[in-house]
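Single-structure report; data block below.
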Amino acid sequence: MNNHSCEAIVITCIDFRFQEYIHKWLEENFQPNTYDRGAFAGAAKNSDTILSQIEVANRLHHIKKAVIINHEDCGAYGPKGHIDHHVRDLQQVKKQISEQFPNLEVATYYLHLDGTFEHIV
Ligand SMILES: [Zn+2]
């Protein structure tokens, strides 16, 4: 591995209310400076954007893992944003990533308003 490589890409929603939880979780789960980050409103809702960012991270930074984090009460999902909808989108984008980038491990999470990360499989 050269020094222009990293472990992972982490994709979240833009929502300011969750950034401290995400920072803390990243500190607990990754070494410093070992992941690319992307933030798009609704996270898993943007599968085309996510796939394009993963393509770049995979090609330039030789990542091994993609992490997608959706969250409770997401404005991008609106009033219909039931957890089932998030789980469906996370599973769908995970499947697309695995098909397009079979070299990558994919982990998806649903982040609750209280800061709890729920691993979605
Ligand atoms: Zn959101």
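Could you check how many residues of region 72-95 are outside any loop (DSSP other than H, G, I, E, B) and acidic (Asp, Glu)? Write out each step before concluding.
If we filter region 72-95 for residues that are outside any loop (DSSP other than H, G, I, E, B), which is where we start, we get 78-80, 83-95.
Checking the rest, the ones that are also acidic (Asp, Glu) come to 84, 89.
Summing the residues that are outside any loop (DSSP other than H, G, I, E, B) and acidic (Asp, Glu) in region 72-95 gives 2.
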Let me confirm something: among Ile63, Ile9, Ile22, which residue is surrounded by 14 or more Cβ atoms within 10 Å (Cβ to Cβ), of a type in the set (Val, Ile, Thr) and in a strand (DSSP E or B)? Ile9
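Looking for whichever is under 21 Å from Asp15 (Cβ atoms) and either modelled with pLDDT of 95 or more or not in a loop (DSSP other than H, G, I, E, B) (or both) here; the options are Glu28, Glu99. Which one fits? Spell out the reasoning first.
Numbers: Glu99 fails: under 21 Å from Asp15 (Cβ atoms).
Of Glu28, Glu99, the one residue that is under 21 Å from Asp15 (Cβ atoms) and either modelled with pLDDT of 95 or more or not in a loop (DSSP other than H, G, I, E, B) (or both) is Glu28.
Report whether or not Lys45 is crowded, with 17+ Cβ neighbours inside 10 Å and either among the charged types (D, E, K, R) or touching a Pro at 6+ places or on another chain (Cβ under 9 Å) (or both). Reasoning before the result, please.
Numbers: crowded, with 17+ Cβ neighbours inside 10 Å: yes; either among the charged types (D, E, K, R) or touching a Pro at 6+ places or on another chain (Cβ under 9 Å) (or both): yes.
In short, yes.
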Looking only at residues that are touching an Asp or Glu at 6+ places or on another chain (Cβ under 8 Å) and closer than 26 Å to Val87 by Cβ in region 27-36, which one is farthest from the ligand (Cβ to nearest atom)? Phe30
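Could you identify the single residue in Ala43, Ala39 that is among the hydrophobic types (A, V, I, L, M, F, W, C), at positive phi and within 16 Å of the ligand (Cβ to nearest atom)?
On the way: Ala39 fails: at positive phi.
So the residue among Ala43, Ala39 that is among the hydrophobic types (A, V, I, L, M, F, W, C), at positive phi and within 16 Å of the ligand (Cβ to nearest atom) is Ala43.
The values are calculated or read from the model by the stated rules, or taken from the named source; none is laboratory data. These numbers were taken from a predicted model, which means no experiment stands behind them. Glycine also receives a Cβ, built like all others from the backbone with ideal geometry; neighbour counts cover every protein chain displayed.
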